Ligand code: SF4
């Protein structure tokens with residue numbers, strides 16, 4: 001289980017991430033968001049085999065705006081959960 005977090009303060013809309021992992025999308029502000037279950041989020045937890053794609057997106061980001069971290073021990077049971085900013 002792992003968590004992807006986008007630092008929206010650091011993101012500058014370069015979109016190198018989009019071509020590495022299609023969960024990254026351009027939102028209405030011209031910055032990167034995560035698309036999870038047809039909603040946009042800046043952080044989400046996943047339990048799948050796509051961590052490598054997320055890490056490639058993080059490595060490709062010239063502004064280091066993407067973090068991929070272990071999320072083991074978190075209590076979510078869904079395959080993906082989202083936290084949408086207000
Ligand atoms: S590559 Fe980094 S700076 Fe570019 S859109 Fe993605 S998160 Fe933002």
Inset, instruction - May I ask you to compute the full-extension gain from residue 70 to residue 10, defined as 0.36 nm times their residue separation minus their alpha-carbon distance, rounded to one decimal in nm? - result: 19.5 nm
Legend entry - 5 Å-binned pair-distance histogram of segment 2-83 (Cα, whole percent): 3, 17, 30, 27, 15, 6, 1
Inset, instruction - Kindly identify segment 27-68 as rounded, prolate or oblate by the Cα gyration tensor criterion: order the square roots of the eigenvalues as a ≥ b ≥ c, call it rounded if a/c is under 1.5, otherwise compare a/b with b/c, prolate if a/b is larger, else oblate. - result: oblate
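None of the figures in this text is laboratory data; all of them are computed from the coordinates on show. Not measured: the values here are computed from a predicted model.
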